[in-house]
Amino acid sequence: MISLNKTGYIKTQSTEDYLSTHFVGYYSYILSNAGDGLNYIYKKLYEEHGSLRIGVSPLSCVLAIYPIVMNGHTPVFIDVDPDTLNMDIHQLFSTIDLDVVEVIHLGGNPNEMDVICKWAKDNDIIIIEDCAQALGSSYDGVELGNFGDYSVFSLIKNLHETTGGLFLSKHTIRTDLFQQIPSHIIAYRVLKRFLESHTNHHCYNPWNFFYSTLLQMKEKKGQRVTKDIHRLSEERSNALIKRFNTIVELNAKRVKNANDIIKGIDDSRYIVQKVLPKGLSNRNRLLLRLVSGDAQKTISKLREKGIAANNLTQHYLYGFQPHIGKDNLLSCYYHKEQLEVYDSIFNSVIAVPSSPYLTRNEKEHIINTLNSI
């Protein structure tokens with residue numbers, strides 16, 4: 001199948017120090033992934049303040065929400081805007097007794113950070129920016145990650161690296177909490193990335209078989225959700241930092257591919273995630289809403305045609321993440337009366353590949369399949 005994170009390689013000639021020029025005033029560290037950054041943040045907040053109430057959107061990969069619960073805090077789900085698929089800021093502002101807001105820029109799509117920052121400052125609320133999919137996206141000319149007290153990015157999703165997450169903090173970082181990432185995890189991710197780069201929508205491509213087999217082997221061992229915080233070696237971290245300068249070219253190609261698909265699909269059947277006038281999205285995920293039909297069935301049909309579509313999860317084998325009301329860890333925090341929009345659109349949201357490494361034939365295949373099912 002055509003992977004959501006189909007990868008390749010771009011060499012940069014730039015010598016710009018990306019972190020110091022784009023994120024002024026932040027301490028930075030390269031961790032294993034964005035989730036490790038969230039684990040660090042919520043662990044640190046618990047140690048300093050005890051259990052806190054965290055405002056967060058339910059329309060997200062659950063791995064962005066689990067660290068809240070696993071580190072002793074309470075998620076307070078804020079309903080979503082049906083157009084942007086981000087948090088409904090009106091409900092956010094009317095929710096009482098929040099201590100923290102985790103602002104998830106879903107698919108790389110910026111939230112209204114000017115009004116959110118003013119509200120947070122007026123109410124002494126900590127802002128955590130989940131920029132896992134949003135490296136290089138901006139709001140009102142300011143790059144995302146520069147609005148929060150803390151910010152996290154996935155280098156796996158944005159730079160198509162084998163491993164790595166950028167963690168930013170306005171406060172000093174306790175590196176004693178970090179563990180060296182085990183070598184077998186690095187080896188698995190390198191192999192996974194290699195196979196992923198060779199997958200496509202052709203039924204008889206042997207790389208598809210090898211990639212699926214690798215993931216099924218991992219699946220048999222079970223999915224582990226932990227509070228571990230893994231760091232990368234200094235050598236690997238420095239190599240990743242040099243790759244930051246490729247993000248401009250990667251995002252330009254990603255946006256072009258997304259726009260080509262948007263222009264080709266039937267807009268009477270699909271509603272494209274809306275970007276606010278002040279926002280600039282990197283289209284890390286091309287998110288669509290079905291005008292009618294069932295997202296789970298649509299995703300299954302797309303996968304039958306060799307397109308690794310999903311809704312909110314990145315899982316290559318299983319493209320559909322259940323409703324939070326059915327999640328073992330999160331269902332007790334779900335309150336139907338507060339999430340009417342989420343409930344109404346949850347099973348209409350799909351994501352299709354918009355990788356900068358898509359070929360013309362792959363884009364045409366995605367367009368034709370979306371218009372034919």
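Results for (1) in a helix (DSSP H, G or I); (2) surrounded by fewer than 15 Cβ atoms within 10 Å (Cβ to Cβ); (3) touching a residue at least 60 places away in the same chain (Cβ under 8 Å); (4) aliphatic (A, V, I, L, M), shown as yes or no for each residue.
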| residue | (1), (2), (3), (4) |
| --- | --- |
| THR163 | no, no, yes, no |
| VAL190 | yes, yes, no, yes |
| PHE209 | yes, yes, no, no |
| LYS218 | yes, yes, no, no |
| ASN238 | yes, yes, no, no |
| ILE241 | yes, no, yes, yes |
- Query: Under 7 Å by Cβ, and 6 or more places apart or on different chains, what pairs join a residue from segment 283-294 that is surrounded by fewer than 24 Cβ atoms within 10 Å (Cβ to Cβ) with one that is polar (S, T, N, Q)?
  - Reply: ARG289/SER348; LEU290/THR298; LEU290/SER348; VAL291/SER268; ASP294/ASN347
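Are any residues in segment 156-182 among the aliphatic types (A, V, I, L, M) and more than 19 Å from TYR42 (Cα to Cα), and if so, which ones? Even if it seems obvious, please write down each step before you answer.
Taking segment 156-182 first, the residues among the aliphatic types (A, V, I, L, M) are 156, 159, 166, 168, 173, 177, 181.
Within segment 156-182, ILE156, LEU159, ILE181 meet the criteria.
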- Message: Suppose we filter segment 161-188 for residues that are touching a Gly at 6+ places or on another chain (Cβ under 7 Å) and not charged (D, E, K, R); how many remain?
- Response: 3
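Under the condition of being part of a loop (DSSP other than H, G, I, E, B) and hydroxyl-bearing (Ser, Thr, Tyr), which residue from segment 95-149 is nearest to the chain's Cα centre (by Cα)?
Step one: filter segment 95-149 for residues part of a loop (DSSP other than H, G, I, E, B), giving 95-99, 105, 109-112, 123-125, 131-137, 140-141, 144-149.
Then drop every residue that is not hydroxyl-bearing (Ser, Thr, Tyr), which leaves 95, 137.
Numbers: THR95: 25, SER137: 13 Å.
Among those that are part of a loop (DSSP other than H, G, I, E, B) and hydroxyl-bearing (Ser, Thr, Tyr), it is SER137.
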- Item | Scope segment 105-122; condition in contact (Cβ under 8 Å) with a residue 12 or more places away in the chain and farther than 20 Å from PRO277 by Cβ; matching residues | ALA120
- Query: What's the number of the condition LEU215 fails, among (1) within 16 Å of LYS6 (Cα to Cα); (2) modelled with pLDDT of 80 or more; (3) out of contact with any Ser or Thr (no Cβ under 9 Å at 6 or more places or on another chain)?
  - Reply: (2)
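With a cut-off of at least 3 residues that are within 24 Å of ASN158 (Cβ to Cβ), name the strands (runs of 3 or more DSSP E) lying wholly within segment 260-373. Reasoning before the result, please.
Numbers: elements: 270-272, 286-290, 349-352.
Strands (runs of 3 or more DSSP E) meeting the threshold: 286-290, 349-352.
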- Look through segment 145-158, keep the residues that are in contact with a Leu (Cβ under 8 Å, 6 or more places away or on another chain) and among the aliphatic types (A, V, I, L, M), and return whichever of them is nearest to SER32 (Cα to Cα). LEU155
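Which of the residues belonging to segment 40-58 are over 27 Å from HIS90 (Cα atoms), surrounded by fewer than 24 Cβ atoms within 10 Å (Cβ to Cβ) and not charged (D, E, K, R)? Quick ask: steps written out before the conclusion?
Within segment 40-58, the subset over 27 Å from HIS90 (Cα atoms) is 40, 43-44, 46-48, 50.
Filter once more, so that each one left must be surrounded by fewer than 24 Cβ atoms within 10 Å (Cβ to Cβ): 43-44, 46-48, 50.
Within segment 40-58, TYR46, GLY50 meet the criteria.
Can you tell which of GLY264, GLY222 is modelled with pLDDT of 90 or more and not acidic (Asp, Glu)? Can you show your working first?
Numbers: GLY222 fails: modelled with pLDDT of 90 or more.
It is GLY264.
Of LEU330, LEU317, LEU280, LEU312, which residue is under 18 Å from the mean Cα position of the chain (by Cα), within 18 Å of LEU59 (Cα to Cα) and among the aliphatic types (A, V, I, L, M)? Lay out the reasoning, then the answer.
Numbers: LEU330 fails: under 18 Å from the mean Cα position of the chain (by Cα); LEU317 fails: within 18 Å of LEU59 (Cα to Cα); LEU280 fails: within 18 Å of LEU59 (Cα to Cα).
After ruling out the rest, the residue left standing is LEU312.
Quick one: in segment 78-101, which of the residues that are touching a helix residue (DSSP H, G or I) at 6+ places or on another chain (Cβ under 9 Å) and of a type in the set (Ser, Thr, Tyr) is nearest to ILE271 (Cα to Cα)? Quick ask: steps written out before the conclusion?
To start, the set of residues in segment 78-101 that are touching a helix residue (DSSP H, G or I) at 6+ places or on another chain (Cβ under 9 Å) comprises 78-82, 84-89, 91-93, 95, 98-101.
Next, from what is left, pick out any that are of a type in the set (Ser, Thr, Tyr): 84, 95.
Working: THR84: 11, THR95: 29 Å.
In this case the residue turns out to be THR84.
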- Note on the structure: Scanning segment 97-106 residue by residue, the ones that are under 15 Å from ASN123 (Cβ atoms), out of contact with any Gly (no Cβ under 6 Å at 6 or more places or on another chain) and either modelled with pLDDT under 95 or surrounded by 18 or more Cβ atoms within 10 Å (Cβ to Cβ) (or both) total 3
- Item | Selection from segment 317-328 of residues that are surrounded by 15 or more Cβ atoms within 10 Å (Cβ to Cβ) and under 27 Å from LYS192 (Cβ atoms) | GLY319, PHE320, GLN321, PRO322, ASP327
- Item | Residue check, TYR9 at pLDDT below 90, within 17 Å of GLY164 (Cα to Cα) and among the aromatic types (Phe, Trp, Tyr) | yes
- Select from segment 65-77 the residues that are buried (at least 17 other Cβ atoms within 10 Å of the Cβ) and in contact with a helix residue (DSSP H, G or I) (Cβ under 7 Å, 6 or more places away or on another chain) and list them in ascending order. PRO67, ILE68, ASN71, HIS73, PRO75, PHE77
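The values are calculated or read from the model by the stated rules, or taken from the named source; none is laboratory data. Predicted, not measured: the structure shown is a model, and the values here were computed from it. For neighbour counting, all protein chains shown are included, and Cβ atoms are generated from backbone atoms with ideal geometry for every residue, glycine included.
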